[in-house]
There are 2 protein chains.
Amino acid sequence: MEFVLKNFDGKTRVGAIKTPRGTIQTPTFMPVGTLGTVKAMSPDELKEMGAEIMLCNTHHLYLRPGHEIIHQLGGLHKFINWSGPILTDSGGFQVFSLSPLRRIFENGVEFRSHIDGSIHFISPEAAMEMQAMLGSDIAMAFDECVPYPAEYEYVAKSLCLTTKWAGRCKKWFIDHGASVVSKQALFGIIQGGMHKDLRERSLEELMKIGFDGYAVGGLSVGEPKEEMHEIIGFIGPLMPVGYPKYLMGVCDLVDVLVAVENGFDMFDCVMPTRNARNGTLFTSRGRVSIKKTEFKADPSPLDPDCDCYTCKNYSKAYLRHLFLAKEILAMRLNTIHNLYFYLNFFKKMRGAIEGKTFSQFKKRWEGILCRVSSIEY
Amino acid sequence: MEFVLKNFDGKTRVGAIKTPRGTIQTPTFMPVGTLGTVKAMSPDELKEMGAEIMLCNTHHLYLRPGHEIIHQLGGLHKFINWSGPILTDSGGFQVFSLSPLRRIFENGVEFRSHIDGSIHFISPEAAMEMQAMLGSDIAMAFDECVPYPAEYEYVAKSLCLTTKWAGRCKKWFIDHGASVVSKQALFGIIQGGMHKDLRERSLEELMKIGFDGYAVGGLSVGEPKEEMHEIIGFIGPLMPVGYPKYLMGVCDLVDVLVAVENGFDMFDCVMPTRNARNGTLFTSRGRVSIKKTEFKADPSPLDPDCDCYTCKNYSKAYLRHLFLAKEILAMRLNTIHNLYFYLNFFKKMRGAIEGKTFSQFKKRWEGILCRVSSIEY
């Protein structure tokens, strides 16, 4: 993997991550394909709408169908029919957010499956091995994701473990030549909760170990926006310039604007896809709840400024009808639109950065994104 | 609408129905788009896999979103983004099969909506008006669908009503110039239960009224296969040669073979789409239940002889994984395959008729279709 900076004003930047499976223009949005499919989409549709990388969840794929089976079948790309780059998370976040029971040991985490209640144990090495067997292009180190709020002492103690685990992940990665065998890159995950000194310590420790990219985890876990923005604004500029900066699980576009301003390059989250399935759609005029009675006989497209398949071919009235009838095509058309909207937003944002108009872009969109929220409810 | 016979051995035939919106090769299979969408499919996908006509349900579209709204929005084709021919049923079958309460009057049927319990009344004229407002290419007369089993006296009495209603439908159609205004064709529906004399009487009465095509209703309502085949074999050859013969709601392929042998041209049913969503898939080797453990790590396509998108790009292992994880893509890929299988079956069947090898085709497929059933369970 290679990271090239194309445009950089000291803070905000446009770049490109070059992987053996394709180049990713940054800042980038990574659609989430939890179980090896971005819900309601085919890989062809994702490619067509401009997605350059997708994210899959190691934890979910470990539980079903199992990473061994995927490995046996030729790896994740072949299994899911996606030839572009894939980033796999390590499973740390899912272990802490999904498992009904978990016990943390020095050597790893014991947890109960949220599907069938069976008991599992994952060590940092196991998390690395799974990702190598999946064959993702970017693997993530195994970390402990601290809940919000959390006592300083607890976060500090947890951070010691996360750092140790990061070191063990890197060791496994080197010992098994993962960068050669699976052509993988490995990213470290900065933890430290809402405490700036711990965040800084985490970054320093990870940089000592050395990774191909650096991610910020443990945000968007329930904290107020102000605190999140505070941490983003603090840690983003401290992170090393020559490496991709990935803000995990944060993708409210207001937050994205703050993060991009502070140098972040990579984003993921399920908001556009989940909202689509719930009938909440993003448009250039603000958010729209498609089930509203006012759209009953509305012949106009969802977003007149949008070039997606949904907006080019269907009326709000039809989208409302499909949604109320719980038709699968409702999920599909809504997801196509929301993902296209996100990917297009990122594309326009890259253009604004290159054209030195990011601050205007940010201001204009903050207005739209706020206005919109009030329209919806 | 024009019906052209291309190949005819006195009974079995290949033809073409020419409509202003496109030509339909017969025998044809019409995917069912109950609420204005073939479940899980986009219209583009349907077209790509060779569907030449789709069926929509007047009854369902009347209840939601309402035929007035669809008319106001430019008609059904525009509303659902399907430019090919559409056949709408009259709603008779749905009134009798879906409504919790219904009362039959000389003038029409009063029924309770299966969605919200509201009371509605549909006359033959109303059923025609709805279909004209939807703007379908082929409209169906409003009939009473008799349950199975039914006493001879009841069926005979019901038939009188169905014939009267057919006459009123035709009158409305002429009075309102529907063939000009909506460029519609109108088909009559032969009823008469399992009684040959009543079936014959129904046909004669409908032919006196005069329709653009003739359909057989009231089969596949619970009767034994032998009785169904008996009626198909009796009525098919009696129906007039120069008009399309449509066997409604019957689409088990074994029954289709019997019906095509007896001259039927048009078929519809939800079996391929509904089975797909339940994980039962049709293949050239028989039926497959995709959830079976034996497919856990199976790298082979569902049907090695199939050229559909699903079989060209995905393994049984992935299809099984998606199905067990209840992913929307499972519904999509399974539906693509089953519909492609059906459409391709009809295409090959037309080739066999033209090549004078229909009897071999029928024998071979009867073998496969039986063999298959035993594999599945």
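Inter-copy label distances at A:Asp9, 7 Å along the Cα→beta-carbon direction, one decimal in nm, shortest first?
7.7
Under 4.7 Å Cβ to Cβ, no partner at all: give me those cysteines from chain B, in residue order.
Isolated Cys, chain B: B:Cys56, B:Cys145, B:Cys160, B:Cys169, B:Cys308, B:Cys370.
Can you work out the FRET efficiency for the pair A:Thr293 and B:Asp252, with r the C-beta to C-beta distance and R0 = 45 Å, to the nearest 0.05?
Computed FRET efficiency for A:Thr293 and B:Asp252 comes out at 0.60.
Based on alpha-carbon centroids, what's the gap between the range A:180-251 and the range A:74-118 in Å, whole number please?
Distance between centres, Cα-based: 20 Å.
Just to be sure I understand: of the beta bridges DSSP finds with both ends in the protein assembly as shown, what percent are antiparallel, rounded to 5?
50
Can you work out the FRET efficiency for the pair A:Ile174 and A:Glu354, with r the C-beta to C-beta distance and R0 = 35 Å, to the nearest 0.05?
Efficiency computed from Cβ-Cβ geometry: 0.45.
Considering only DSSP beta bridges where both residues belong to the range A:1-88, give the percentage that are antiparallel (nearest 5).
Bridges in the range A:1-88 are about 75 percent antiparallel.
Could you list which residues have their amide H under 5 Å from that of B:Ala215, counting only those 5 or more apart in sequence or on another chain, with H placed in the peptide plane?
Here the answer is B:Gly188, B:Ile189, B:Ile190, B:Tyr246, since their amide H atoms fall under 5 Å of that of B:Ala215.
From the P(r) of the range B:2-269, can you give the percent of Cα pairs sitting at distances over 28 Å?
The share of Cα pairs beyond 28 Å in the range B:2-269 comes to 29 percent.
Hey, fewest Cβ within 10 Å first, where do B:Thr163, A:Thr357 land in order?
A:Thr357, B:Thr163
Show which aspartates and glutamates lie in cross-link reach of A:Lys316 when reach means a straight Cα distance below 20 angstrom and same-chain residues fewer than eight apart are skipped.
Correct list for A:Lys316: A:Glu294, A:Asp298, A:Asp303, A:Asp305, A:Asp307, A:Glu327, A:Glu376, B:Asp44, B:Glu68.
Could you name the lysines in cross-link range of A:Lys170, using Cα to Cα under 24 Å and dropping any fewer than eight places away on the same chain?
Filter leaves A:Lys18, A:Lys157, A:Lys183, A:Lys208, A:Lys245.
Please list, by residue number, every one of the trypsin sites (Lys or Arg not before Pro) in the range A:89-138 that is coil in DSSP and has at most 11 other beta-carbon atoms within 10 Å.
Loop-located and lightly packed - none at all.
Can you give me the C-alpha center-to-center distance between the range A:1-61 and the range A:132-158, rounded to a whole angstrom?
That distance is 21 Å.
Past the 25 Å Cα-Cα mark, which pairs from B:Lys39/B:Lys326; B:Lys296/B:Lys347; B:Lys196/B:Lys356?
B:Lys296/B:Lys347; B:Lys196/B:Lys356
Just the Cα atoms of the range A:307-368, one point each, no solvent: what log10 I(q)/I(0) does Debye give at q = 0.18, 0.27, 0.29, 0.30 Å⁻¹?
-0.71, -1.03, -1.11, -1.16
Under 5 Å between amide hydrogens, which residues at least 5 positions from A:Arg13 or on another chain qualify, with H placed 1.01 Å from N in the peptide plane?
When sequence neighbours closer than 5 places are left aside, the close amide H contacts are A:Gly263.
At B:Phe234 and A:Phe121, where each label point lies 7 Å from the Cα along Cα→Cβ, what is the point-to-point distance in nanometres?
The modelled label-to-label distance comes out at 7.3 nm.
Looking for one value pair here: nearest-to-axis residue in chain A (by Cβ) for the rotation onto B, and the distance in whole angstrom.
A:Ile328, 3
List the distances, in nm to one decimal, from the label point of B:Val254 to the label points of the same position in every other copy, shortest first, placing each label point 7 Å from Cα along the Cα-to-Cβ direction.
Going from nearest to farthest copy, the values are 6.3 nm.
Considering only DSSP beta bridges whose two residues both sit in chain A, what percent are antiparallel, to the nearest 5?
50
Kindly give the distances from A:Gly177 to its copy-mates, label point to label point, with each label point 7 Å from Cα along Cα→Cβ, as nm values to one decimal ordered shortest first.
In ascending order, 8.2 nm.
Where does each of A:Met207, A:Met30 land when they are ranked from fewest to most other beta-carbon atoms within 10 angstrom?
Listing A:Met207, A:Met30 from fewest to most nearby Cβ atoms yields A:Met207, A:Met30.
What ranking do B:Thr273, A:Thr37, A:Thr23 get, fewest neighbouring Cβ atoms within 10 angstrom at the top?
A:Thr23, B:Thr273, A:Thr37
By how many nm would the segment from B:Asp307 to B:Arg274 grow when fully extended, if each residue of separation counts as 0.36 nm and the alpha-carbon distance is taken off?
Gain on stretching B:Asp307 to B:Arg274: 9.8 nm.
Could you give the alpha-carbon Rg of the protein assembly as shown over 2.2 N^0.38 Å, rounded to two decimals?
Rounded to two decimals, the normalised Rg is 1.11.
Read the figures in this text as sums done on the coordinates, not as results from a lab. Note that this is a predicted model, so its numbers are computed, not measured. With ideal geometry, Cβ positions are generated from the backbone for all residues, glycine too; neighbour counts draw on all protein chains shown.
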